[in-house]
């Protein structure tokens, strides 16, 4: 969800915009990007849909022969002005306020490094511990 980065192929698919059409109507596409969360995917899909709804596509040729599917009807093209805004669809800024509170003694004593180390060791030796317990129960 940053300006200047292209939209992902998944976002284009959700917005029902083909990749080749996206390049022609001014939508940047980055095939390397991946969506890591559904929230940003939905926000970008909504931005694409809003952009597509505001977009006016002029027909290439005059007359009925030149009108293709997806072109804007001539009645809507009569009183159109060029967009001069810097950002067509700005990204809304999230509210990043954090509540200040006192740190508890339990939080002071807790060590994230030790907790992660312990979790890694438990995962590493889980099989050996289970095997040892199984052998002990079979012995007795």
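The values are calculated or read from the model by the stated rules, or taken from the named source; none is laboratory data. Not measured: the values here are computed from a predicted model. Here the Cβ is made from the backbone with ideal geometry for all residues, glycine too, and neighbour counts use every protein chain on show.
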For this session: Would you point out the residue of the range 1-10, among those that are touching a helix residue (DSSP H, G or I) at 6+ places or on another chain (Cβ under 7 Å) and under 16 Å from residue 89 (Cα atoms), that is surrounded by the fewest Cβ atoms within 10 Å (Cβ to Cβ)?
Result: 1
Problem set entry | Residue that is modelled with the highest pLDDT [pool: residues in the range 56-69 that are assigned to a loop (DSSP other than H, G, I, E, B) and exposed (fewer than 11 other Cβ atoms within 10 Å of the Cβ)] | 58
Problem set entry | Residues within the range 5-20 that are out of contact with any strand residue (DSSP E or B) (no Cβ under 8 Å at 6 or more places or on another chain) and in a helix (DSSP H, G or I), tallied | 5
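Out of the residues in the range 21-55 meeting the condition of being buried (at least 16 other Cβ atoms within 10 Å of the Cβ) and in contact with a strand residue (DSSP E or B) (Cβ under 7 Å, 6 or more places away or on another chain), tell me which one is nearest to residue 91 (Cα to Cα).
For the range 21-55, the residue satisfying everything is 44.
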For this session: Output yes when any residue across the range 101-114 is touching a residue at least 12 places away in the same chain (Cβ under 8 Å), assigned to a loop (DSSP other than H, G, I, E, B) and exposed (fewer than 10 other Cβ atoms within 10 Å of the Cβ), and no when none is.
Result: no
